[in-house]
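Step one of this worksheet: look at the structure below.
The values are calculated or read from the model by the stated rules, or taken from the named source; none is laboratory data. As the structure is a computational prediction, the values presented were derived from the model and not from experiment. Ideal geometry is used to build each Cβ from the backbone, glycine not excepted, and the neighbour counts take in all protein chains shown.
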Amino acid sequence: MAASDQSPITKSYQPITWNFKLLANDMLGGFGGMGEGMSVQIAPDGRRIIWLAHESAPKNFTAVDVSDPRKPKVVCQTDLPHANMRSNSLETCGNMMAVAYQTSKKDLQPAGFELFDISKPENPKSISFFDCSGPHSRGVHQLWFCDGEYVHCASGSRDFTPTHPQDDQFYRCVDVRNPSKPVEVGRWWMPGTRQGDNVRPPTRHPIDKGFRAHNTNVYPQRGDRCYLAYIDGGMFVLDISDKANPKKVSQWTNSPPYTGFMHTIVPLFDRGLMLVTDESTENNAKDWPKLIWVLDARDESNLVPISTCPLPDHTIYAQAGRFGAHNIHENVPLPTAWQSDQIVLGTFFNGGLRAYDISNPYQPKEVGIFQPPAPPGAPTGTIQMNDVFVDEREIVYAVDRHIGGLYTLEMDF
Amino acid sequence: MLDLFPSREAGPFGRRLKHERGAKIPVTVVTGFLGSGKTTLLQRFLASPEGQGTAVIINEFGAVGIDDALVRDSAEETVLLGNGCVCCITRTDLQAALRRLVFDREHGAVPPFRRIVIETSGLADPGPILQTFSTDRALGGEFHIDLVLTVVDAVNGETALEGAAEARKQAILADRLVISKTDLADVATVERLTQRLQKLNPRATIDIAVKGALDPQRVIEPAAGERSGFIAEAAHSDGITSFVIEQDKPIEWLAFARAMETLIGLRGADLLRVKGILDVAGCRGPVVVQYVQHLAHPPVELESWPDQSRNSRVVFITRNIAEGDVRTLFATVQALAKN
């Protein structure tokens, strides 16, 4: 592969393909700026469809037939109602899909999530819309939906007035067993972030991204737990055995001295480990280091960080776009998702897609890199790899944040 | 580590790998007697698309690095180990050079190479080089020898094999043999040389390369295919013998390991190369084992078998060790382990 002629990065930054095999790249009809929702459905007619969320308007979501991962084919691409919103996150469960809607400003519509019947992938049909708009709400940034019964999401609400405008999204659990009438059954927010709390508001970080919810993962192995990332508030393990009254089990944060924005928690139940990711949100690695952390979680009430997944020297990456951790493959508990507690796959913006062997969790070892050339027209002049998903066939899907669309790959380690 | 953080995905030997190399950097060792055409072969390979992303380490027995100058333009990175033979005095240089390459790659100081080719001096014995890659403490943690390729010159090959123990050892330890300069030799000579090489090393395939023209894949693809038959019986004039031990029932790991420990303890220096694929009781995939003299590679379990056979197969290349004694040792240890 040749480096893009547009790349503003010095010679030492180069495309790398190491122990991954690229099968195909589809720029999704020129709308290849992708968010952090990736979910695989086996359609009733047997086709394998990956549903992809877009990072920003004008597109809502895109469905790609990846039955043959060497020849991906777009089968559906929908538009958002207006440009001041995004549908950054989605999940499918069987033939139902939940899509998050977040507005760029408060008190805009539609802010919430929408449920779709996707039994005919070319023609998704809206089932219902759960409204989360309000004078202090931007709606839903992220959602988790894999049991067909509950949507767990990072959301604002009409009745929630945060103590700081950035802290508008918190954990909400919505019962969708009757998908035409979703009903909220529980919520939790970090104490001090809602007006009226009897706790002082948290101290802001120098790079202030908000004390608000991000990923809200719930797994059947511990259906009574929500693994909640809370951006500048670190992370929480919640006891949701009583969904109406979630309770904090434990909290862990790396900031300060780090710069906040905790993003995703993936427990590795058999091993008593937990993966925690940061998100890099600043260009030119100004918020370096943003990492994947490995925690000893044998005692969930006392989480102990034991290692991080190693990244290369950031100086050669600190010249164009973001560099650092973001999404990882989350072992979504569905038959169409690969399950691994030995290999971690993560996206690192201009650091591409990277794989780590955590057989020895004290010494994670990098085993694969896919850092492709900048896609044509890339605004940063580099790849900005944003999200990754691995299906049960061990086909890897990775998406670019700005323009590059979908990459399909095989692991070779 | 599995005691503290157990995983149902892992086998007794850790994470199951897609191939023996795992995620290590693949290495091709190119050997061949003086003037056999190693550098020409390498030049052609580096000029091919398959040769892109190759770092080259050249060992020359002389103060002036001529071969280095010949390949430098086409390799991603070239390191010259001068003034000594890589199998003896510069072996530590080889380790240092490889470690430096990895460090520089991680820090962006050299391009992100994907493989390494080591061109040894014509006088090198490949044995000690293989040994260097055997353990994690040496280079085995980062690098994996995918292939030992030995170039034999059609014109002078017979003479070299006749007169030089190093040349014979290069042929015996090869995974793949390449006869060069066949355009300069008559057909009968090439035929005699081919037969001689087949007798010396029946497990290696023999390719022909005129002016270095060889399918570039043959310079890098692992030799597993060639070894799958594990036909390796051969006896050599230097007391070097090769043979295969096969077993169609699952092997108890403890019994195999104890037998190998005994063999290494008594005769490690004479185990030139041992490589096997085992059906270990309790393991899902095959377990690959490899030994060079006293050193054992860490065993690895693969995700799947390379072919239909599930038989355990171990190739021994030994010096003055009788095949019958090894068979008896393995049979005895296995019998004792059952009681």
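Could you grab me the full set of residues in segment A:294-326 that are touching a Leu at 6+ places or on another chain (Cβ under 9 Å) and either among the aliphatic types (A, V, I, L, M) or within 30 Å of residue A:41 (Cα to Cα) (or both)? Of everything in segment A:294-326, those that are touching a Leu at 6+ places or on another chain (Cβ under 9 Å) and either among the aliphatic types (A, V, I, L, M) or within 30 Å of residue A:41 (Cα to Cα) (or both) turn out to be A:294, A:295, A:297, A:303, A:304, A:306, A:311, A:324, A:325. Among the residues making up segment A:286-304, a single one is within 14 Å of another protein chain (Cβ to nearest Cβ), in a loop (DSSP other than H, G, I, E, B) and among the acidic types (Asp, Glu): A:299. Within segment B:134-180, restricting attention to residues that are closer than 18 Å to residue B:195 by Cβ and among the acidic types (Asp, Glu), which residue is modelled with the lowest pLDDT? In this case the residue turns out to be B:162.
Hey, which of the strands (runs of 3 or more DSSP E) in segment A:323-413, taking only ones fully inside, have at least 3 residues that are in contact (Cβ under 8 Å) with a residue 24 or more places away in the chain and more than 20 Å from residue A:26 (Cα to Cα)? Talk me through it step by step, then tell me what you get.
On the way: elements: A:343-347, A:353-357, A:365-371, A:385-390, A:395-400, A:406-411.
Per the criteria, A:343-347, A:353-357, A:365-371.
Of all residues in segment B:274-297, those being touching a residue at least 60 places away in the same chain (Cβ under 8 Å) and aliphatic (A, V, I, L, M) number 6.
Against the test of being at pLDDT 95 or above and touching a Cys at 6+ places or on another chain (Cβ under 6 Å), the options A:328, A:292, A:306, A:343 yield a single qualifying residue, A:292. Of the strands (runs of 3 or more DSSP E) contained entirely in segment A:140-217, those carrying at least 1 residues that are touching a His at 6+ places or on another chain (Cβ under 7 Å) fall at A:140-144, A:150-155, A:170-175. Go through segment A:275-331 and give me each residue that's touching a strand residue (DSSP E or B) at 6+ places or on another chain (Cβ under 6 Å) and basic (Lys, Arg). Of everything in segment A:275-331, those that are touching a strand residue (DSSP E or B) at 6+ places or on another chain (Cβ under 6 Å) and basic (Lys, Arg) turn out to be A:290, A:322.
Being away from every other protein chain (no Cβ under 13 Å) and part of a strand (DSSP E or B) is the filter here, so list the residues in segment A:305-322 that pass it.
The initial filter retains those residues of segment A:305-322 that are away from every other protein chain (no Cβ under 13 Å), namely A:305, A:308-309, A:320-322.
Passing the criteria: A:305, A:308.
Just one residue in the set A:222, A:271 is within 30 Å of residue B:5 (Cβ to Cβ) and surrounded by fewer than 19 Cβ atoms within 10 Å (Cβ to Cβ); that residue is A:222.
Conditions (1) within 17 Å of residue B:238 (Cβ to Cβ); (2) in a helix (DSSP H, G or I); (3) assigned by TED's automatic domain parsing to the domain that holds residue B:31, marked per residue:
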site: B:158; (1), (2), (3): yes, yes, yes
site: B:167; (1), (2), (3): yes, yes, yes
site: B:171; (1), (2), (3): yes, yes, yes
site: B:178; (1), (2), (3): no, no, yes
site: B:188; (1), (2), (3): no, yes, yes
site: B:191; (1), (2), (3): no, yes, yes
site: B:202; (1), (2), (3): yes, no, yes
site: B:207; (1), (2), (3): no, no, yes
